[in-house]
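A.B. asks: Here you go, one structure.
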Amino acid sequence: MITFASPGLAAAAAAAVALPIAIHLLLRRRRRPVEWAAMDLLREALRRVERTRRIERWLLLAVRCLLVATAGLAIAAPLAGSDASAARAVRTLAVVIDDGAASAERIGAGTALARSVDEARARIESLAEGDRVAVISMSRPSAEVVATSDRAAALRRLLAMASSEASVDVAGSIGAAHAVLSHPDAAGTERRMFVASAWREGTVGSMGAIAAPAGESVSAEVLPPPGAEGANLRIASIEAVRTAGTGPEAPASVRVTVERDRGDGPLRTTVRIDGPSLVAPVERVVELSAGESSRSVTLAASERPVQAGTSSRRAVVARLSVDAQPTDDASATVLPSTERLRAVVVDRRTFDQSSGIDRLSQGEWVARALAPSDPPAVDVVMVDPAAFDARVAAGADLVVVSQPQAMSAAQWDALSAFVLRGGTAVVLPAPREDAQAWTAALPATFGVPWAVSISTTMVEPPVALSGERTDGSTLRVLGAELAPLAAAVDVSRMLPIDVGSDASSTQLRCADGRPVLLAWTPPGARGRVLVSTVSMDPSWTTLPLKPLMVPLWQEMLAEARRNATASENVRVGGVPTIDRAGVAELRPVAPDGGALPGARSIAVGAGGRASSSIERGGLYELVDARGASQGVLAATIDPSMASVRAVALDRLSPWLGSIGNVTFGSAAAAGDGERSLQAESRGNQLVPWLFAAAAALAAVEAWLARRFSHAVRRPSVIAPATRVAAGSAA
């Protein structure tokens, strides 16, 4: 492309300006001097006239040169603003935008995503004709994205972006950008990458490795993180804590844990819960003192009676007061069923009618702890090991195996199927056996990664239980009550189990660190299996005789009921599988049960698997092919993915260094392109004025040419000299 800044065009312009000068010099008249008598008088007269004629000729030459230069400028002015862009190579730009959960952070009058979009828009608009651009989303990176020379289409894709509530894939999006820049269509172009994000903890996560590109490195401009504005609290967890065995008339109790995400001083917020089955919303104020990281609050709300023949939409949505990050201010959960809890205890029947507590079997100790009141609030069914099968386990919330050595391979398979469907199984050592032969079936059935001994061991002297709560403990509801209750319990015999590196599986331990209660979720299962290293028998431990026995088993039963509804509580970004027959659609609903206009429903296939991932948190009604409700699903975001904790630039620089030649810039970095556009605009504005000046100079040149040609009669300046030469006096 030839522009005003091209050497060829500049040479042509110089030649055009020099042409009048050359013509003037070449066509000058060459006179041959001829001597004659009156020559002296004429020479004197001509010297006087020549001074005037020389001025006229130089003035006319200057006007003609200025005319040619002005006309050239008028023609070249539209190209003047594109000098810089034309002098460089064609560009291929890959724009990567952070549209994950953390991008909803409020920054100034907008959001982090709006800031990224504005910066990217400035860079796309500064591209010249023929440049190519691709826009890549961090939440949905695709290797199939290609660059296009249609800037308008790229801008439409950019401006249509909205903050997602799912996690982002920084490495995947950078990889997609490298794929665009290494495409054969980008060969021979100036390859650039622009990465826009607020770079909060929710985006960078654990800073996983970003693969270095193969071949030639690219220039990458990264938008630096902005300053943090305001504090932020988030809902770390929400769970139903209805007391086991209570009926539908009891309040729905929900425990909400509020966690500090940003800010060090005292923080105050309001927790509000609402749901389709609640009579009215409930609110409660939560305050965190300076330095306090989290606090839990329990809210109780009355529910509407469930009409016979209808499916209840029993779920709640908790919200916090608005702060710096709205995405993590809401979370939802499905309330457990209000039907009576049912536990199956697999134990051999005894026919000893004596009343001493030393005559109670292990299963009877467990049954008493599960149903301590009269009448019992929990249905406890005692089953002989020989009679246990899948039919017996159906409908149970908890299955306790008190005589595992009497279980056949088929019965272990039935227990495994029960756990896979979402049930909770508890396996206890046989109290009267020194050799626990059943331990070989434990890893074979559930795939536990522990080393389980076959022989029991005595603990001398007896060791007390530890009251320390572990992360994710089944007994977390017991809270501060666990420490004094556990300290009163001694363990004198146990089955050694080495958990190795799986320390998170320990739910309860002895004071010396040996595990007492372990939890394991088999691969692909919705339920869990709990394994006790201590038999519920006074010859092993004083636990059956101590107050901890009842709350321990009550909480395991309540946890089993909560696990049974785990399939109805899913994470945003996942593809749920619905285990209820006939469900054909997941329909978004508001917290009060009303419809959400504009929200997209998700189809459910014949196998119960949703057709796409869930992109927004909240409640989704399970609707069958006839349009009838079959329950509700709660989708929650991962709070860590929405974290807006600031990340220091010195941590980002080495992590992002593998992208290419990285520079951190802002809107000023796009100045070259913007100045080019401004120059082009100014050049276009000058065009009319330059053409008007050229027209005026043309008119002046025509008038001067005629005037200085002396084609009109006028008094001669040499007439007096001529008369003198002729001998006539004035």
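The values are calculated or read from the model by the stated rules, or taken from the named source; none is laboratory data. On a predicted model such as this, the values are computed, not experimentally measured, just so you know. Positions of Cβ are backbone-derived with ideal geometry, glycine not excepted, and every protein chain shown enters the neighbour counts.
A.B. asks: Taking segment 303-313 as the search range and keeping residues that are surrounded by 14 or more Cβ atoms within 10 Å (Cβ to Cβ) and either of a type in the set (S, T, N, Q) or within 19 Å of residue 582 (Cβ to Cβ) (or both), which one is modelled with the highest pLDDT?
C.D. replies: Per the criteria, the residue is 313.
A.B. asks: Continuing with this model, one more query. I need the full set of residues from segment 105-138 which are closer than 19 Å to residue 225 by Cα and assigned to a loop (DSSP other than H, G, I, E, B), in order please.
C.D. replies: 105, 108, 109, 138 - these are the residues of segment 105-138 that are closer than 19 Å to residue 225 by Cα and assigned to a loop (DSSP other than H, G, I, E, B).
A.B. asks: Name the one entry in 551, 496 that is in contact (Cβ under 8 Å) with a residue 60 or more places away in the chain and assigned by TED's automatic domain parsing to the domain that holds residue 426.
C.D. replies: Answer to the selection: 551.
A.B. asks: Which pairs have Cβ atoms under 8 Å, sit 6 or more apart or on different chains, and link a residue in segment 372-393 that is within 13 Å of residue 417 (Cα to Cα) to one that is surrounded by fewer than 17 Cβ atoms within 10 Å (Cβ to Cβ)?
C.D. replies: Close Cβ pairs (under 8 Å, with a partner that is surrounded by fewer than 17 Cβ atoms within 10 Å (Cβ to Cβ)) amount to 389/410; 390/417; 392/381; 393/417.
A.B. asks: Only one of 590, 610 is surrounded by 15 or more Cβ atoms within 10 Å (Cβ to Cβ), touching a Pro at 6+ places or on another chain (Cβ under 7 Å), without any contact (Cβ under 8 Å) to a residue 60 or more places away in the chain and not polar (S, T, N, Q). Can you tell me which?
C.D. replies: Testing whether each residue is surrounded by 15 or more Cβ atoms within 10 Å (Cβ to Cβ), touching a Pro at 6+ places or on another chain (Cβ under 7 Å), without any contact (Cβ under 8 Å) to a residue 60 or more places away in the chain and not polar (S, T, N, Q) leaves just 610.
A.B. asks: Go through (1) more than 19 Å from the chain's Cα centre (by Cα); (2) closer than 18 Å to residue 97 by Cα; (3) in a loop (DSSP other than H, G, I, E, B) for residue 165 and report which single condition fails.
C.D. replies: Residue 165 satisfies every listed condition except (1).
A.B. asks: Among the residues of segment 139-148, is any exposed (fewer than 15 other Cβ atoms within 10 Å of the Cβ), assigned to a loop (DSSP other than H, G, I, E, B), modelled with pLDDT under 95 and among the β-branched types (Val, Ile, Thr)?
C.D. replies: Yes, the conditions are met somewhere in segment 139-148.
A.B. asks: Kindly list the number of the only condition in (1) assigned to a loop (DSSP other than H, G, I, E, B); (2) among the aliphatic types (A, V, I, L, M); (3) modelled with pLDDT under 75 that fails for residue 679.
C.D. replies: (1)
A.B. asks: Please go through segment 181-197 and pick out each residue that is in a loop (DSSP other than H, G, I, E, B) and over 11 Å from the mean Cα position of the chain (by Cα).
C.D. replies: Passing the criteria: 182, 183, 187, 188, 189.
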